[in-house]
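One structure is given below, encoded as structure tokens.
The values are calculated or read from the model by the stated rules, or taken from the named source; none is laboratory data. Keep in mind the model is a prediction, meaning the values are calculated, not measured. When we count neighbours, we look across all protein chains shown, and the Cβ atoms used for this are built from the backbone with ideal geometry, even at glycine. Accessible surface is based on the protein model in full, side chains and every heavy atom, while ligands, DNA and RNA are left aside. Shrake-Rupley method; radii C 1.70, N 1.55, O 1.52, S 1.80 Å.
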Amino acid sequence: MKRGVTAKTPKQALTHSCQKQTDLSAWKASVLQTTGCKNGQKPTGDEQQTASDDFDHRQDPLEEALTYLKKAKDRTSQKNEVLQKHLVTVEKIAQEKGLAPEELDILLNIALSGKFAEVVSTRLLKNLVPTSVITEDSVISAVSWLCVGKCSRTTQVIFLKWLIAMFDFIDQKEQVNALYGFFFGFLQVEKLFPFACHVLYLLTRKKNVKPFRVRRILDLQTKFGAEPPLQALLSLYKNFCPEMVSVTLPTNTKVQFKNSENLWKMAISNIKRRLYGTPLTSQPNLIDTTCPQSRKRKWHTKLVLPVSSAHSSSSPESQRTSPIDLIGHGDTFPVEQLQTFPQLLENIHCLELPSRIGSVLANRLLLHYVNCVSDDSVYRRMYYWMGQTLREECPWHKVENQQFEQEFKDFLRKIFEAECFLQEGFSSCEEFLYRSLPFWDGCSCRSQVLQLVSWIPLSTFSEMKSYLFKPLAQLFFTSSLYFKCSVLECLRELLLNWLNWHIMQKGTTTKSAADLLNTTLSGLVSSVADLIHFVGWLSTVALRLENNSAFLMHFILDFYEIVSDVYLMFNLPLVVMPPAGVFYTALLSMDSVSLDHLCYIMYRYRANLIAAKQNQQAKKTVLQFKFSSQTCQEYNQYITAMVGCLWTSNVFQKDFHHQGIRMDPEVLERTRVKAYRKSFNIVYHPALTGYAMLFLQEAQSGDRTPNFQLIQGRRWEWYLEYLYTQELQGLKLFIKSSINRASQSSQAQASK
Amino acid sequence: MSTLTAFGKLPTLNSATILLVGTNEIFQQQFAETILEETQDLKINIHLADCLPLPPERDHIRPRIDLIVFMVNMQSKHSYSNIEASLVHLDANFFLGKVCFLATGAGRLNQISVDVNAVLKLADLYCSPVLFCELECKKIRIATAQRLLRMLQICAGHMSGVSALSFSSLMKNSIDDSSFLA
């Protein structure tokens, strides 16, 4: 008891002023001062009266008990009645109201000093229920008792269990962390080792991970076998420093620690309820408990920034009092206090990432930090952690994860958002997709998985196709129309992301890297071209399978809208025409939206090809163009077919595309369609004939059967103007650019 | 010889027949019910068998079979070898797009006793696609049933312009064959 309260008063400067506390009533006053009445220590119940028989009536029975316990002779028999009575008092008050930090401190010291029999110590430890917080110093002195070995192993075990259960209530953990080595030493003791593992697991920070510790744990593993607690600690180490732990760890260690909270579970939940119930929870140290602590799953804990991760020593006072703080980590900024961008800029040199690397995902400022930091280990940590989590939680790899699909969805969404923010994909995510897409049913987490696909980093297409595009294509062909549309949408996003990445690269590379750029550019161009061809192939097949659905066509044309503008908008020397299966289906489609969209796309192709040709002639770029004369030829064939179809009505004769709609007159005669030649021009085209009808109705005013023959000559012009006013912008652009109106008279003749 | 033939019988009007082969009767039953719950324009007949060949005596009342699904239970070696043995009794014409493998239980990695690669290899050998599916989960079961129904429609010739053969070539060689690269 020499180490009583007095020994530690300087350290308690935070909670109450430096005063010698030899007198218990003085101590009591200070307690009431600092903690107020909320600890509820005022004597109210009946039991106090019995307890305070031979003491001052105003004195708290708990206080009395504490005084007794402190003053009692060593090795007082546990059967001593007075002792028993006081123990009951302590028990009762602790369970009902909890104990103030100072009271905890006293009791902890008594319990661990080995003053009483083991039964008494155990009983005391089991009743150490805090009302609000546990001071760091109490823990430190407790650990020092542990080290002098005054108490039995069982007491030590219970203390460690208590520490684990109450870990969140410790107000500051900086100095507790300084004791890391001591806790690590406890690993040697077989009885303590699982609990020491757990404490270390809670305590570990990146700086604690050292090669010698890894070695020691590996030694222990050979000694004790692959115990789950050791595995858990090792995997945490690997999380922090993947490069130090080279062994592969089993991934199926779900329950790693036995639940140590049981002894105090009820009491803790009572405290929490009471604290939430009263508005007195203004204690800054309780942030941790006010966080959503629904431990239904580790998801929350994985993605929420841990409060205790960094050093919460915010007041300079506390730093002055403890030299450890000054030497150790006075120079780091606690990440959980990071709120604004200017703060980030000021402290960017002294940020330490939290122990839960996953919490970075949801924190914009930390993502900024991750983005600009050049430290490799951040990426390695992120890579390892994310890969591990994705593998572990993937619902179609482990059936038992099915019930947590929603959590997994949220997780994938968080990753996706982070990827959008960083404008780049995570490589562990890419690996996960490669690994798991072949087994994907196309149903669980559909939209989230597809979103992640759109952030796959650019790489050689041949590498991607067997892992990624083959399973995706299989799913695509056997799944519903909506699935097809969402796959096309995600591939469109993928193309956009690749192109944007290219633009960014171009902006950052210097001239000296031009050679490098040239080589990677050809790689990029061929990858992009392969992707476009792949989508073209998918689209052709999908249109056939889905009976030329207009809805599907919309997504396909959206994709080609980007493809047509790759050269001008993204500065990539590549022009790829859509396959005939898409082009002709759109050209002959029944709805005007598809036709209009196609017209717009062809207009963009024309602009891109002209620009490319001009640049080539001017030799502005030495880059090898990916479009050959074949592309131009294909474009010309398409444009001939289109003009022949919509304007000059000679598509059946003049379509030279090998998959086109050129037909012999004899065949056409046999269809017995009158004036078959004109049947796809802007008046008779099934997508536009409705407009023609409305135009005639407006012009004729009357319910005569509309005579489409009338639309020619001057009326043809009016009809065109009418079409332009009907929001057919693509058609307008196409006709204005691709049709030579100077020869209009001859075409008018031809159309007759 | 009582091998099942792919084109030995005429198709029945407006109906399609699927044959589920597998050793786990509960799964078969469950899956068949799921398929039937999906509303379809055409009449779906489902036949269940635990192995091939089918008994020859009732061959005359059996309709033409459009799609055969081999359900491989990844957790049972027996199921795999049973299917391996059954495949021998099939008319080669079936492998022109009318066979599909359904690997179930791949989601319990620690209980797998059949190598995933072995199944993929087997399917590749017989030119047929593999679908992965966890039959315990209703949502996945429904999604898989829908996928199989699409295939069945094609195999039974109800999708104009797409034949079972062309479809299987799409499913199998999606990428290896670089036909889409113009």
Helices (runs of 4 or more DSSP H) contained in segment A:81-196 and holding at least 3 residues under 30 Å from A:Gln221 (Cβ atoms): A:136-148, A:153-165, A:174-178, A:180-186
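Being over 30 Å from A:Pro438 (Cβ atoms) and at pLDDT 80 or above narrows it down to one of A:Leu351, A:Leu366, so name that one. Spell out the reasoning first.
Details: A:Leu351 fails: at pLDDT 80 or above.
Every option except A:Leu366 fails the conditions.
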Residues of segment A:399-438 that turn out to be at pLDDT below 85 and within 11 Å of another protein chain (Cβ to nearest Cβ), as a count: 7
Residue within segment B:16-23 that is assigned to a helix (DSSP H, G or I), modelled with pLDDT of 90 or more and small (Gly, Ala, Ser) present: no
Among residues of segment A:443-495, those that are open to solvent by 40 Å² or more (accessible area, probe 1.4 Å), away from chain B (no Cβ under 14 Å), part of a helix (DSSP H, G or I) and within 26 Å of A:Leu521 (Cβ to Cβ), counted: 2
Meets criteria (within 43 Å of the chain's Cα centre (by Cα) and within 26 Å of A:Asn208 (Cβ to Cβ)) for A:Gln156: yes
Of the criteria (1) open to solvent by less than 10 Å² (accessible area, probe 1.4 Å); (2) part of a helix (DSSP H, G or I); (3) closer than 23 Å to B:Pro129 by Cα, which one A:Arg435 fails: (1)
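Residue-by-condition table, conditions (1) in contact with a Phe, Trp or Tyr (Cβ under 8 Å, 6 or more places away or on another chain); (2) basic (Lys, Arg); (3) closer than 30 Å to B:Met74 by Cβ:
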site: A:Met382; (1), (2), (3): yes, no, no
site: A:Arg391; (1), (2), (3): yes, yes, yes
site: A:Val399; (1), (2), (3): no, no, yes
site: A:Gln402; (1), (2), (3): no, no, yes
site: A:Lys414; (1), (2), (3): no, yes, no
site: A:Cys429; (1), (2), (3): yes, no, yes
site: A:Phe432; (1), (2), (3): no, no, yes
site: A:Leu437; (1), (2), (3): yes, no, yes
Hits in segment A:203-229 - residues which are under 30 Å from the mean Cα position of the chain (by Cα) and part of a loop (DSSP other than H, G, I, E, B): A:Thr204, A:Arg205, A:Val209, A:Lys210
Residues of segment A:685-716 that turn out to be more than 25 Å from A:Lys674 (Cβ to Cβ) and either of a type in the set (Asp, Glu) or in contact (Cβ under 8 Å) with a residue 12 or more places away in the chain (or both), as a count: 1
Helices (runs of 4 or more DSSP H) (entirely within segment B:72-182) containing at least 1 residues that are at the interface with chain A (Cβ under 7 Å from one of its Cβ atoms) and buried (at least 18 other Cβ atoms within 10 Å of the Cβ): B:138-155, B:164-172
Single residue of segment B:24-42 satisfying the filter (in contact with a Ser or Thr (Cβ under 9 Å, 6 or more places away or on another chain) and outside any helix (DSSP H, G or I)) that is most open to solvent (accessible area, probe 1.4 Å): B:Asn24
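If we only count helices (runs of 4 or more DSSP H) wholly inside segment A:614-687, which ones have 1 or more residues that are over 16 Å from A:Phe583 (Cβ atoms) and modelled with pLDDT under 85? Spell out the reasoning first.
Values: elements: A:629-643, A:651-654, A:665-670.
Answer list for segment A:614-687: A:629-643.
Which of the residues that make up segment A:332-371 are part of a helix (DSSP H, G or I), hydrophobic (A, V, I, L, M, F, W, C) and in contact with a Ser or Thr (Cβ under 9 Å, 6 or more places away or on another chain)? Talk me through it step by step, then tell me what you get.
Narrowing segment A:332-371 to residues part of a helix (DSSP H, G or I): A:335-337, A:341-350, A:357-362, A:364-371.
Right, trim to hydrophobic (A, V, I, L, M, F, W, C) and you get A:335, A:341, A:344-345, A:348, A:350, A:357, A:360-362, A:365-367, A:370.
Hits for segment A:332-371 are A:Val335, A:Cys350, A:Leu365, A:Leu366.
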Single unsatisfied condition, A:Arg677 versus (1) open to solvent by less than 40 Å² (accessible area, probe 1.4 Å); (2) touching a Ser or Thr at 6+ places or on another chain (Cβ under 7 Å): (1)
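Can you tell me which residue in segment A:372-384 is modelled with the highest pLDDT, limited to those that are in a helix (DSSP H, G or I) and open to solvent by 80 Å² or more (accessible area, probe 1.4 Å)? Write out each step before concluding.
Keep residues of segment A:372-384 that are in a helix (DSSP H, G or I), which gives A:372, A:376-384.
Within this subset, residues satisfying the condition of being open to solvent by 80 Å² or more (accessible area, probe 1.4 Å) are A:372, A:376, A:379-380, A:383.
Working: A:Cys372: 79, A:Asp376: 70, A:Tyr379: 77, A:Arg380: 75, A:Tyr383: 82.
Ranking the candidates gives A:Tyr383 first.
Kindly evaluate A:Gln700 against the criterion of being open to solvent by 70 Å² or more (accessible area, probe 1.4 Å) and out of contact with any His (no Cβ under 8 Å at 6 or more places or on another chain). Can you show your working first?
On the way: open to solvent by 70 Å² or more (accessible area, probe 1.4 Å): no; out of contact with any His (no Cβ under 8 Å at 6 or more places or on another chain): yes.
For A:Gln700, the condition - open to solvent by 70 Å² or more (accessible area, probe 1.4 Å) and out of contact with any His (no Cβ under 8 Å at 6 or more places or on another chain) - is not met.
Just to be sure, is A:Phe411 over 19 Å from A:Pro471 (Cβ atoms) and surrounded by 17 or more Cβ atoms within 10 Å (Cβ to Cβ)? Please lay out each step first, then the result.
Values: over 19 Å from A:Pro471 (Cβ atoms): yes; surrounded by 17 or more Cβ atoms within 10 Å (Cβ to Cβ): yes.
Taking the combined requirement at face value, the residue satisfies it.
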Members of segment A:527-555 found to be buried (at least 23 other Cβ atoms within 10 Å of the Cβ) and away from chain B (no Cβ under 14 Å), listed by number: A:Met553
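Which residues, taken from segment A:556-573, are in a loop (DSSP other than H, G, I, E, B) and either among the polar types (S, T, N, Q) or within 14 Å of chain B (Cβ to nearest Cβ) (or both)? Lay out the reasoning, then the answer.
Kept after step one, since they are in a loop (DSSP other than H, G, I, E, B), are these residues of segment A:556-573: A:565, A:571-573.
The one that is in a loop (DSSP other than H, G, I, E, B) and either among the polar types (S, T, N, Q) or within 14 Å of chain B (Cβ to nearest Cβ) (or both): A:Asn571.
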Residue check, A:Gln388 surrounded by fewer than 19 Cβ atoms within 10 Å (Cβ to Cβ), over 21 Å from A:Ser486 (Cα atoms) and within 14 Å of chain B (Cβ to nearest Cβ): no
Residues located in segment A:391-403, provided they are touching a residue at least 12 places away in the same chain (Cβ under 8 Å), assigned to a helix (DSSP H, G or I) and crowded, with 17+ Cβ neighbours inside 10 Å: A:Arg391, A:Glu393, A:Gln402
